[in-house]
1. List the number of the failed condition for H56; all other conditions in (1) within 22 Å of A17 (Cβ to Cβ); (2) assigned by TED's automatic domain parsing to the domain that holds Y24 hold.
2. For the stretch 101-108, indicate whether the set of residues that are closer than 24 Å to L135 by Cα, without any contact (Cβ under 8 Å) to a residue 60 or more places away in the chain, part of a helix (DSSP H, G or I) and within 13 Å of the chain's Cα centre (by Cα) is non-empty.
3. Does the stretch 62-121 hold any residues that are aromatic (F, W, Y) and farther than 27 Å from P34 by Cα, and which are they?
4. So V89 ticks every box in (1) modelled with pLDDT of 95 or more; (2) crowded, with 18+ Cβ neighbours inside 10 Å; (3) assigned by TED's automatic domain parsing to the domain that holds P120 but one. Which box is left unticked?
Amino acid sequence: MSTYPVLMHTALDATDARALAEFYRELLGLQCRPGDEPPTDGSVDDEDWLVLVDGHGNRVLAFQEVHTLSRPTWPAHDVPKQMHLDFCVPTVDELERHRRRAEDLGAIVLLDRTEKREEPLYVLADPARHPFCILVGSQ
């Protein structure tokens, strides 16, 4: 018997679950759960639920296909961000490196708060416009 529920993974809705899963797979160096890999025969994949795991097979993120999704408009409050992910890196140099990687993968910068010496960060939006933060900090 466990005292508390254990977080299995964070699930993100997306109108293209495969594309968003691939963005985070590349950004975070994760792997597809066995059976969730992209098709290699050129066929179109119709998966509506995909899971990414770390190098030990632990679930990290899941993606659920939805037909429509209102994109968050943060920092405006017309459509709230609904949820976001925070990722930490150890140094400002690593912060810059990972911001560039995220942009190369299709993210856009929504907020640059790198001038804050106590906790420099970027708020970015993934290709589906889900906001996420990369900041200098520790777990």
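The values are calculated or read from the model by the stated rules, or taken from the named source; none is laboratory data. Only a predicted model underlies this, so the values are computations on that prediction, with no experimental measurement involved. Please note: Cβ atoms are built from the backbone with ideal geometry, for glycine as well, and neighbour counts cover all protein chains shown.
1. Single failed check for H56: (1).
2. So in the stretch 101-108, the residues closer than 24 Å to L135 by Cα come out as 101-108.
Those left that are additionally without any contact (Cβ under 8 Å) to a residue 60 or more places away in the chain: 103-104, 108.
Restricting the remaining residues to those that are part of a helix (DSSP H, G or I) gives 103-104.
In the following step, the residues that additionally are within 13 Å of the chain's Cα centre (by Cα) were identified as 103.
Yes, the conditions are met somewhere in the stretch 101-108.
3. Step one: list which residues in the stretch 62-121 are aromatic (F, W, Y), which gives 63, 74, 87.
Selection gives W74 alone.
4. Condition (1) is where V89 drops out.
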